[in-house]
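Read through the structure below, which is laid out as structure tokens, and then see the notes.
Laboratory data are not the source of any read-out in this text; all were calculated from the coordinates shown. None of these values were measured; they are calculated from a predicted model. Here the Cβ is made from the backbone with ideal geometry for all residues, glycine too, and neighbour counts use every protein chain on show.
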Amino acid sequence: MKENIIYNLKQVHDRIEKACKASGRDTADVQLLLATKTVPAERIRIAIEAGENLIGENKMQEFRDKDSELKDLNIERHFIGHLQTNKVKDVLKYVSCIQSLDRLSLAEELHKQLQKENRAIAVFVQVNTSFEESKFGLSPTEVIPFIKEIRKYDTLKIKGLMTIGLLDVEKEKMRPSLHLLKEIRDQIYEAEIEGLSNLKLSMGMSQDLELAIAEGSNLVRVGTSIFGNRFLGKEIWNENIAE
Ligand SMILES: *Cc1c(COP(=O)(O)O)cnc(C)c1O
């Protein structure tokens with residue numbers, strides 16, 4: 001098991017490196033986040049001890065359940081699932097970044113809680129660039145007004161945009177939803193919203209990380225290619241599912 005994870009990690013880093021080379025990008029501009037939903041703490045530990053330091057979970061409960069076993073390790077934690085407002089307080093115990101900020105009520109709730117705690121966190125605005133109803137995220141046209149609106153919350157540091165691209169067996173069908181995220185970032189820059197620069201793109205998973213890097217991704221979120229199949233009937237985008 002240990003050998004597998006380490007081998008897989010190396011493969012993924014090789015893929016990232018090749019994709020960067022192919023598009024003339026610096027590997028330092030593409031971070032790897034381990035998507036660890038359903039992955040037991042002991043397996044996460046192997047990856048961290050092999051040199052990784054960034055993980056993402058889709059459910060507060062998974063952070064909580066794995067926390068004690070990972071306490072001695074230096075890990076940066078991001079939340080990448082659909083976050084219910086009533087879980088905000090608990091999630092904030094674990095994470096330094098919410099990558100899945102997808103609605104005003106959530107921004108409001110985060111701000112309220114962060115003010116109480118007198119701290120700020122990083123956020124990515126999640127955009128539904130594949131136009132699939134099953135996916136969370138703002139629709140592309142909502143993004144600029146949303147960002148203008150949440151800028152009043154000084155506890156939320158807007159770091160970039162996140163999307164879950166359209167997954168398909170045909171490569172070229174996956175590209176438009178990745179390209180669109182980059183276009184939305186350009187539109188944000190054109191809107192010249194004060195204080196917003198150097199926005200990162202969080203996109204690319206096991207299936208589409210090469211395409212995502214070609215389209216400008218700064219942060220790929222990879223689970224299956226590192227830890228193997230999750231053997232689930234359906235994906236857990238939503239933390240409400242399979243509780
Ligand atoms: C599970 C998940 C990933 C990783 O997906 P894989 O196909 O297992 O690499 C990335 N992002 C989010 C939001 C996820 O839920």
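State, to one decimal in nm, how far the label point of ASN53 lies from the label point of LYS89, with both points 7 Å from Cα in the Cβ direction.
3.2
Separation between the GLU108 and GLU133 pseudo-spin-labels, each 7 Å from Cα along Cα→Cβ, expressed in nm?
Result for the modelled spin labels: 2.7 nm.
So what's the back-of-envelope 222 nm ellipticity for the chain, counting only DSSP H runs of four-plus at -39500 (n - 2.57) apiece and dividing by all residues, rounded to 500?
-12000 deg cm²/dmol
Residue-wise, which Karplus ³J(HN,Hα) couplings in Hz belong to the stretch 193-209, taking 6.51 cos²θ - 1.76 cosθ + 1.60, θ = phi - 60°, and x for glycine or proline?
Per residue, the Karplus-derived 3J(HN,Hα) values read 6, 4, x, 10, 8, 6, 6, 8, 10, 9, 7, x, 10, 3, 7, 10, 5 Hz.
Can you pull out the GluC sites (Glu not before Pro) in the stretch 172-211 whose DSSP state is coil and whose Cβ has at most 13 other Cβ atoms within 10 Å?
Those that pass, being in a loop and sparsely packed, are GLU192, GLU194.
Compute log10 of I(q)/I(0) for the stretch 104-172 with the Debye formula, placing one identical point scatterer on every Cα and leaving out solvent, at q = 0.24 Å⁻¹, to two decimals.
Relative scattering, expressed as log10 I(q)/I(0), comes to -1.05.
Under unit Cβ charges (Lys, Arg +1; Asp, Glu -1), what dipole magnitude, rounded to 20 debye, does the chain have relative to its Cα centre?
The dipole magnitude comes to about 380 debye.
Across the chain, where is the longest run that never hits trypsin sites (Lys or Arg not before Pro) in a DSSP loop with at most 16 other C-beta atoms within 10 Å?
For trypsin sites (Lys or Arg not before Pro) (loop position, at most 16 other Cβ atoms within 10 Å), the longest site-free span of the chain is 153-229.
So who's got an amide H within less than 5 Å of the one on MET162, skipping anything under 5 residues away but keeping other chains? H placed 1.01 Å off N, in plane.
HN-HN under 5 Å from MET162: VAL125, GLN126, VAL127, SER202.
Determine the sum of side-chain charges near GLN11: Lys and Arg each +1, Asp and Glu each -1, restricted to other residues whose C-beta is under 11 angstrom from that of GLN11.
+1
Could you work out the percent of alpha carbon pairs in the stretch 2-228 separated by over 28 Å, rounded to a whole number?
28
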